[in-house]
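Here's the structure, in structure tokens; my notes come after.
The values are calculated or read from the model by the stated rules, or taken from the named source; none is laboratory data. Bear in mind that the values here come from a model prediction, so they are computed numbers and not experimental data. Neighbour counts are summed over all protein chains in view; Cβ atoms, including those assigned to glycine, are modelled from backbone coordinates with ideal geometry. Heavy atoms of the whole protein, side chains included, go into the accessibility calculation; ligands, DNA and RNA do not. Shrake-Rupley method; radii C 1.70, N 1.55, O 1.52, S 1.80 Å.
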Protein chains: 2
Amino acid sequence: MLQPLSLKSIDIHDAFFSSRIAMARDTAIPYMWNALNDRIPGVAPSHCVENFRIAAGLEKGEFHGFCFQDSDLWKWVEGVAYSLATHPDPALEAEADEVIDLAGKAQQSDGYLDTYYILNGLDKRFTNLRDNHELYVAGHMFEAAAAYYAATGKRALLDIACRFADCLDREFGPGESQKHGCPGHEEVELGLARLYEATGCERYLRLAAYFLDARGQTPNYFAQEAYARGGKPEMGWDHLPTFMYHQAHVPVREQTVAVGHAVRQGYLLAGMTEVGGRSGDHTLVDAASRVLDNIVDRQMYITGGVGATHVGEAFTIDYDLPPERCYNETCASISLIMTAVRMGRVRPNGRYGDVVERALYNGILSGVSLDGTKYFYMNPLEVWPQRCEHRQDMQIDDERQGWFGCACCPPNVLRTLTGLGQYLCAQGDGTLYIDQYVSSTLNAQDITLDMESGFPWDGRVTLTVRSVKPGAHRLALRVPGWAREHTITLNGETVSLPVENGYALLERAFVSGDAVTLDFPMEVRFMHASQHTPNYVGKVAVTCGPLVYCLEEKDNGPELWNLSVRCGSSTVRFDPELLCGVNVITCQGLRETTSAALYDDGAPIQSPATLTFVPYYAWGNRGKGEMTVWVRKA
Amino acid sequence: MLQPLSLKSIDIHDAFFSSRIAMARDTAIPYMWNALNDRIPGVAPSHCVENFRIAAGLEKGEFHGFCFQDSDLWKWVEGVAYSLATHPDPALEAEADEVIDLAGKAQQSDGYLDTYYILNGLDKRFTNLRDNHELYVAGHMFEAAAAYYAATGKRALLDIACRFADCLDREFGPGESQKHGCPGHEEVELGLARLYEATGCERYLRLAAYFLDARGQTPNYFAQEAYARGGKPEMGWDHLPTFMYHQAHVPVREQTVAVGHAVRQGYLLAGMTEVGGRSGDHTLVDAASRVLDNIVDRQMYITGGVGATHVGEAFTIDYDLPPERCYNETCASISLIMTAVRMGRVRPNGRYGDVVERALYNGILSGVSLDGTKYFYMNPLEVWPQRCEHRQDMQIDDERQGWFGCACCPPNVLRTLTGLGQYLCAQGDGTLYIDQYVSSTLNAQDITLDMESGFPWDGRVTLTVRSVKPGAHRLALRVPGWAREHTITLNGETVSLPVENGYALLERAFVSGDAVTLDFPMEVRFMHASQHTPNYVGKVAVTCGPLVYCLEEKDNGPELWNLSVRCGSSTVRFDPELLCGVNVITCQGLRETTSAALYDDGAPIQSPATLTFVPYYAWGNRGKGEMTVWVRKA
């Protein structure tokens, strides 16, 4: 299994991402800290930190918020940790230390730490794993603890996490006196694997594996615990077949297609891949790989969005990908890249980097406004605002919101951006794999590289060896799936490299100053969807390099559906003023107009039209209006 | 205001409709009678007649069913009455008399009759007009009473109805001691107008007008009665703005667009038109006409379906007409033709007959299976069964059902078919207006005509004068909106007739034996939808004469979306074996296939394909499968 470089070993200085990471650092981190502390006027209080103060006995009061409210803090701490790893900030670190100290005071003597149950009755803890998110919250704490320890070297949160993990390890397992349960919302598996990575304690990895395999067994634990509570196992609210929503309908090793709540599915796959990879459990990785393939080949939007329905925020069936009825939760795309990046470490293949790239540059970035203050929970590929606002069966926001009651997406975007370094490269088997072309300095084990990248506007990348240990080294350079051709030079000479599993392989005794240039020409592509997908026949999506483009009403007028595009007719121009600087694609096409009648057999009139496409990630930043990714062919 | 001929004056003998009417008579009437009497094994009991027996003191027990359960009986009686008017059936009439006798026993001494409140507490009657359907049930009883009296001459039900109407007339009105309310579900207005027509009692017409004008006033009665119950006026379940669901957001004379529950909207408009027409209240008719225009010009599916969302079974906004997300309740299309036929009597214009024809031959007939035993509540224009079954946000049945818990549609279809004569013609101003070309003998006031029609397969119609009073008579013959041209002959000689308001006018001193032939060539038309409608650009719907056609998987294989049609290339062939005999339309077109990739910029492959269209009304009679009305243009 390949290892990522530590964030401390990566210095990102990228024209595209650095400002976004800085915005996350300078805007989102303090905004969320204020939100978690109920200090934002006009925004409903989170009560998140308050719950910890009450649980620590420092204040009187009751628990408020969702049963997973604590996780908002842990995701914030994780995002802060990634930021601190590369951008020390003593004041921020002091704030984090303080809230970690607070959490320590709230922790129970046996290690238990979840303010929902501490304040609502510890006798009820671990009685409703399916719905009440205790293990999910624990997983986020474990991720935060591993990240904070890696960033700061401070053990306080790691110790808190280990105490809680030990508590879980006593409570759950195959023993007769133990509970044979698993979480309703996966995340603890991944968290435990990271805790294992941070501590070397194998019990944590074993417990993660236990939680994975306890899932979907017969009799189903979720049914048993429901009966034990005197209830019934049916879930009413989402109408989904019981336990499929939780990926607990069959054991995880028997699962073949993505089902149920999309974020849960993604976290499960990430956990399976991480645990399987670390423990050498191939059949577990096989199962995760199978389900990931199902997503990528049949259930993923072209933007990397996943989860085709708002009911249960869930996957539906193969090829069911309606553009305006999708859910495509930002968190779900994040869970997809968390899986894909891990699968790429266990079974290196450029296609996993392609998935990360697709989701990162499109369906995840679309979740946050250009000024970093507003968020989409859902990321549709087509919006007609009047329909969104007046059809009561629509669950699509046509404008980004400042903060959500269920605030999972904003801190998830935060930790993705500040932790971006995790996605860039990995090393192992004497090879440094470069997956994402983001300008940065990479201090790998035996080699330090400067990477200068024009992505996503230009496909030229230069890698310069800054220092290197003597001997042969191998670079594996991902050739993006969208690149029809590529040119690679070494010190100015074109080289022809073998491409294996999506990577161009360059092996040599590198010396300091060696320069490798990669050129992946970014051509405008007019993408068709599979014939099995009902919504897109006769339509194309315009892409260029890693980016998916869209039409907005702002540039093209209303009733975008009347426009069609002439494939092949395109010009690309960088506009530094527009949307913080984007490539604008202009195509020729037609606009259709009809008679005034609702139905008429007169042929519509076709007039020439110029279509202006902007990157999908930037949509909805210029006021409310129509948007569409898929456009009819002229 | 024109008057329809009584049903007794119309003898239908139509190749297309007579078998359907016979099926309603021979299959649906007894089936529903058994359903109302809880005698159908495997079908959840209706309790409808049982409720009456308990209310009459003949049995012990509790009320079961919806608060509007009684209306199922009244719609059955109305349908039976229409049948008896032209097809005497002593055994059936005895059954009806018996249940009418039972209802008389359940009626309270002050005339009140609604088993829901009789059995659940009369002290609560008239305290929740908005939700509990008392006045809706009353309206259906009044319609049934007028119909049964007209059919049989028996006054028993008419007397019951008048006693209840008198009770309502004491309870509701402008007087200080009266309630100033109106129904949450309109229907009583139309019922009262028919009771006025049957009895000549003007109080009933005035009460109908009162209910219409009490609607949407400030303060809103629905809010006041909610406060009086100690509740709040908000409706939670449908998320629609309060009172718009009930068309009670503003006074009816100020309403301009169709809103809220589609059946309610239709019944309201039918009531406004009938009351306005009978009382000469032009502004009331103006308002109804405005809203009807909004429906027909902007909110009606090409099949005559109305109600674009299942949430609230409601209208949405102009041009929002998604093909697979519509509700298009069969009852809503019935309410549309109830309105249109009345508007055509008050303000004769062929366009109203066009609306009746469109809904009748398409969106209403699609609601019932060819064998008359199964029903669609919803009538979508596109169905992908996998999506219907697996997307939890879909509310579309992909197969007709035997009976519904909320069994409004089956008896509504029943009364529409057995009462079909109401829609054929009307007379007044010395003119006989022929609206629907259904083979029949029409015994009008001064003239008896034999009509032989080839509709909907052939546009040739012959009208033969069988007998006539001396003097000039005028026939107004609707020229269907779909007819690009027409030829009319009189006794073999082509005549050129003036066409006014959609009617060809033929005035002459007719003599017995005069024969008028009409020829409306039924050409295949490829219909486009308005540019303002987002779902249909680049697509056409195939129509021929009054019929809308569709593609079914059964004839065209799966993944219908890959097919496109070459407009203009069509052959029409009558297949007597298929779907009880239909015209089949064959067109040339293309089938698109792609690579196996989910997204790919390789051009799809186009192969020639033959497309087979069958009438929309007949879809879903050959097992489960895909269906679509709108098809991409090749």
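Listed values, structure above:
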| item | result |
| --- | --- |
| Criterion violated by A:ASN51 - all others in (1) more than 30 Å from A:ARG125 (Cβ to Cβ); (2) open to solvent by less than 30 Å² (accessible area, probe 1.4 Å) satisfied | (1) |
| Of all residues making up segment A:525-544, the number that are within 7 Å of chain B (Cβ to nearest Cβ) and of a type in the set (S, T, N, Q) | 2 |
| All positions within segment B:585-627 that are under 14 Å from B:PRO558 (Cα atoms), open to solvent by 40 Å² or more (accessible area, probe 1.4 Å) and small (Gly, Ala, Ser) | B:GLY623 |
| Unique match (being in contact with a His (Cβ under 9 Å, 6 or more places away or on another chain), modelled with pLDDT of 95 or more and within 16 Å of A:GLY266 (Cβ to Cβ)) among A:ALA332, A:ALA359 | A:ALA332 |
| Verdict on A:LYS8 being among the charged types (D, E, K, R), part of a loop (DSSP other than H, G, I, E, B) and either surrounded by fewer than 20 Cβ atoms within 10 Å (Cβ to Cβ) or modelled with pLDDT under 95 (or both) | no |
| B:GLU552 being closer than 30 Å to B:ASP429 by Cβ and either more than 14 Å from chain A (Cβ to nearest Cβ) or without any contact (Cβ under 8 Å) to a residue 12 or more places away in the chain (or both) | no |
| Residue in segment A:451-460 that is assigned to a loop (DSSP other than H, G, I, E, B), under 27 Å from A:TYR327 (Cα atoms) and not aromatic (Phe, Trp, Tyr) present | yes |
| Odd one out for B:LEU497 among (1) closer than 30 Å to B:ARG345 by Cβ; (2) open to solvent by 20 Å² or more (accessible area, probe 1.4 Å); (3) under 29 Å from the mean Cα position of the chain (by Cα); (4) away from every other protein chain (no Cβ under 14 Å) | (3) |
| Condition met for B:VAL461 (in contact with an Asp or Glu (Cβ under 6 Å, 6 or more places away or on another chain) and more than 30 Å from B:ASN37 (Cβ to Cβ)) | no |
| From A:LEU579, A:LEU563, residue being on the phi < 0 side of the Ramachandran plot and either of a type in the set (A, V, I, L, M, F, W, C) or surrounded by fewer than 22 Cβ atoms within 10 Å (Cβ to Cβ) (or both) | A:LEU563 |
| Segment A:468-494, residues that are basic (Lys, Arg) and surrounded by 14 or more Cβ atoms within 10 Å (Cβ to Cβ) | A:ARG474, A:ARG478 |
| Count of segment A:12-55 residues which are in contact with a Pro (Cβ under 7 Å, 6 or more places away or on another chain) and among the basic types (Lys, Arg) | 0 |
| Checking B:GLY568 against (1) surrounded by fewer than 21 Cβ atoms within 10 Å (Cβ to Cβ); (2) modelled with pLDDT of 95 or more; (3) more than 7 Å from chain A (Cβ to nearest Cβ), the condition it does not meet | (2) |
| Top-ranked residue in segment A:602-623 [being modelled with pLDDT of 95 or more and within 14 Å of chain B (Cβ to nearest Cβ); ranked as nearest to A:ARG358 (Cα to Cα)] | A:TYR616 |
| Residues being without any contact (Cβ under 8 Å) to a residue 60 or more places away in the chain and away from chain B (no Cβ under 14 Å) - total across segment A:270-318 | 9 |
| Cross-chain or 6+ apart pairs with Cβ under 6 Å, segment B:449-466 first and at negative phi and open to solvent by 10 Å² or more (accessible area, probe 1.4 Å), then part of a strand (DSSP E or B) and of a type in the set (S, T, N, Q) | B:ASP450/B:THR441; B:ASP450/B:THR464; B:GLU452/B:THR462; B:TRP457/B:ASN583; B:THR462/B:THR517; B:ARG466/B:THR448 |
| The listed residue being open to solvent by less than 30 Å² (accessible area, probe 1.4 Å) and at pLDDT below 95, out of B:ALA165, B:ALA226 | B:ALA226 |
| Selected residue (criterion: nearest to the other protein chains (Cβ to nearest Cβ)) from residues of segment A:319-340 that are hydroxyl-bearing (Ser, Thr, Tyr) and either outside any helix (DSSP H, G or I) or open to solvent by 20 Å² or more (accessible area, probe 1.4 Å) (or both) | A:TYR319 |
| Leading residue by the ranking (nearest to the chain's Cα centre (by Cα)) among those in segment A:292-311 that are in a loop (DSSP other than H, G, I, E, B) and surrounded by fewer than 24 Cβ atoms within 10 Å (Cβ to Cβ) | A:ILE302 |
| Number of positions in segment B:259-313 that are more than 17 Å from B:VAL356 (Cα to Cα), in contact with a Phe, Trp or Tyr (Cβ under 8 Å, 6 or more places away or on another chain) and among the hydrophobic types (A, V, I, L, M, F, W, C) | 2 |
| Failed item, numbered, when B:SER512 is tested on (1) open to solvent by 20 Å² or more (accessible area, probe 1.4 Å); (2) under 31 Å from the mean Cα position of the chain (by Cα); (3) more than 14 Å from every other protein chain (Cβ to nearest Cβ) | (2) |
| Selected residue [over 30 Å from A:ALA618 (Cα atoms) and touching a strand residue (DSSP E or B) at 6+ places or on another chain (Cβ under 8 Å)] from A:VAL468, A:VAL438 | A:VAL468 |
| Among (1) under 22 Å from A:GLY266 (Cβ atoms); (2) surrounded by 24 or more Cβ atoms within 10 Å (Cβ to Cβ); (3) of a type outside the set (D, E, K, R) - the single one A:LEU157 does not satisfy | (1) |
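So that you can scan it fast, the table gives a plain yes or no per residue for (1) open to solvent by less than 30 Å² (accessible area, probe 1.4 Å); (2) farther than 29 Å from B:LYS8 by Cα; (3) not assigned by TED's automatic domain parsing to the domain that holds B:LEU442:
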site: B:ALA81; (1), (2), (3): yes, no, yes
site: B:LEU84; (1), (2), (3): yes, no, yes
site: B:GLU98; (1), (2), (3): no, no, yes
site: B:ASP114; (1), (2), (3): yes, yes, yes
site: B:ALA138; (1), (2), (3): yes, no, yes
site: B:PHE142; (1), (2), (3): yes, no, yes
site: B:ALA161; (1), (2), (3): yes, no, yes
site: B:GLU186; (1), (2), (3): yes, no, yes
